[in-house]
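First comes the structure, then the notes that go with it.
The values are calculated or read from the model by the stated rules, or taken from the named source; none is laboratory data. Here the structure is a predicted model, which is why all the values come from computation and not from measurement. Positions of Cβ are backbone-derived with ideal geometry, glycine not excepted, and every protein chain shown enters the neighbour counts. We work out accessible area using only protein heavy atoms, side chains counted, and drop any ligands, DNA or RNA first. Shrake-Rupley method; radii C 1.70, N 1.55, O 1.52, S 1.80 Å.
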Amino acid sequence: MRRPATPTAAAARRLAAAALAAVALAAPTACAAPDTRPPEPPAGLTAQAGSATSAHVMWQSADPRQGVKEYRIFQQGVLVRAVPAEKTMVDLTGLAPLTAYSFTVRAADAAGNLSAPSAAAAVTTPAVKAEDHRPPTAPASAAGHPDGARAAALTWAPAGDDTGVTAYDVYQGGVRIHTVGAAETSTRLTGLQPDTVYTFTVRARDGADNSSPDSPPVDVTTATATGKGPSTAPADFTATASPGAVVLSWTPPDTGRPTAEYQLYVDERPTTVIQFGAGAVPVGRAEYRLAATEPAGTVWAVKLRARLPDGNWGSFSAERRVPLG
């Protein structure tokens, strides 16, 4: 009897590969489980009347690990506004005077999961003040101090108004970042960055949405993060206009060696690098004269930061707004 032919080694390898491929095709394909877990409800919701027809609603930012993509604001269960995740406050307009409102906020992630509603925040709009064009007086004084590395406490003097103050707005860098009610003269600001100088001002607002001038500016330097050294921001920064120039003055940061190089920003844009040559590096107060050719009355917002010994730029100084002479 003739024996069956024995397959060659190459043929055996081909047969084995084909068998493995067949098994792979027959095996079920593993799929990633869909994301069905919703974010946590937003915390810390507050609502303040901004005027007779508007309200300012704020809440705390979600933990970044939750992947929130937007917040949705509801008025008694009806969606009235949606904002991206980087915003944690909104002004709602078109409201009725002397009316009670209740708001909630829900967080939504990229998969479309929607959190449960936040705790409700209630607010009642004030009455309309006819033909009110007079703004409140500016808060006469303000003060602040850091509250750890990521928060600051701020206080101010009450403002006056002929029809009554309805809210106080806190500004930083020309942007409103916080609002509290007329009865409040202090607040805690969160979500700040460590080792950073912030310049806050406060404005009062009345029922016709007239805003007061700024309070005196308040500089607050947040604490450094755990394990970091002293602040790298230039301290006690001032900017004074003179004919055709702005004179800048500051105290160099404590970096362990003299600081010879600074980067100057004007209106949030890098404008020039200030370099002190050998033998001219300031060890106490530093001063620099910046030429100005813009028309008198133009307002510059100026700030600067130092080149650190490791080659990186340090934290910014406080920002100063200076009208050109």
All but one of (1) of a type outside the set (K, R); (2) under 25 Å from A43 (Cα atoms); (3) part of a strand (DSSP E or B); (4) open to solvent by 40 Å² or more (accessible area, probe 1.4 Å) hold for E184; state the number of the condition that does not hold.
(3)
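So in the stretch 63-78, with the set limited to residues that are of a type in the set (A, V, I, L, M) and in contact with a strand residue (DSSP E or B) (Cβ under 6 Å, 6 or more places away or on another chain), which one is farthest from L95 (Cα to Cα)? Quick ask: steps written out before the conclusion?
So the first thing to find is which residues in the stretch 63-78 are of a type in the set (A, V, I, L, M), and the list is 68, 73, 78.
From what's left, in contact with a strand residue (DSSP E or B) (Cβ under 6 Å, 6 or more places away or on another chain): 68, 73.
Details: V68: 28, I73: 15 Å.
My answer is V68.
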V175: passes all of (1) within 30 Å of W313 (Cβ to Cβ); (2) crowded, with 18+ Cβ neighbours inside 10 Å; (3) free of Cβ contacts under 8 Å to residues at least 24 places away in the same chain but (2)
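Residue by residue, here is whether (1) under 22 Å from E40 (Cβ atoms); (2) modelled with pLDDT under 95; (3) buried (at least 19 other Cβ atoms within 10 Å of the Cβ) holds:
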site	(1), (2), (3)
R72	yes, no, no
P97	no, yes, no
F103	yes, no, yes
P135	no, yes, yes
G164	no, yes, no
Show the residue pairs meeting these rules: Cβ distance below 8 Å; 6+ apart or different chains; first residue within the stretch 60-81 and at positive phi; second residue modelled with pLDDT of 90 or more and of a type outside the set (F, W, Y).
G67/P39; G67/D109; Q76/S102; G77/T104
Residues that are touching a Pro at 6+ places or on another chain (Cβ under 9 Å), assigned to a loop (DSSP other than H, G, I, E, B) and within 15 Å of Q263 (Cα to Cα), drawn from the stretch 282-318
L308, G314, S315, F316, S317, A318
Any idea which of (1) of a type outside the set (V, I, T); (2) over 18 Å from the mean Cα position of the chain (by Cα); (3) not in a loop (DSSP other than H, G, I, E, B) is the one P126 doesn't satisfy?
(3)
Would you point out which residue out of P7, P28 is at pLDDT below 70, open to solvent by 60 Å² or more (accessible area, probe 1.4 Å) and either under 30 Å from P97 (Cβ atoms) or in contact with a helix residue (DSSP H, G or I) (Cβ under 8 Å, 6 or more places away or on another chain) (or both)?
P7
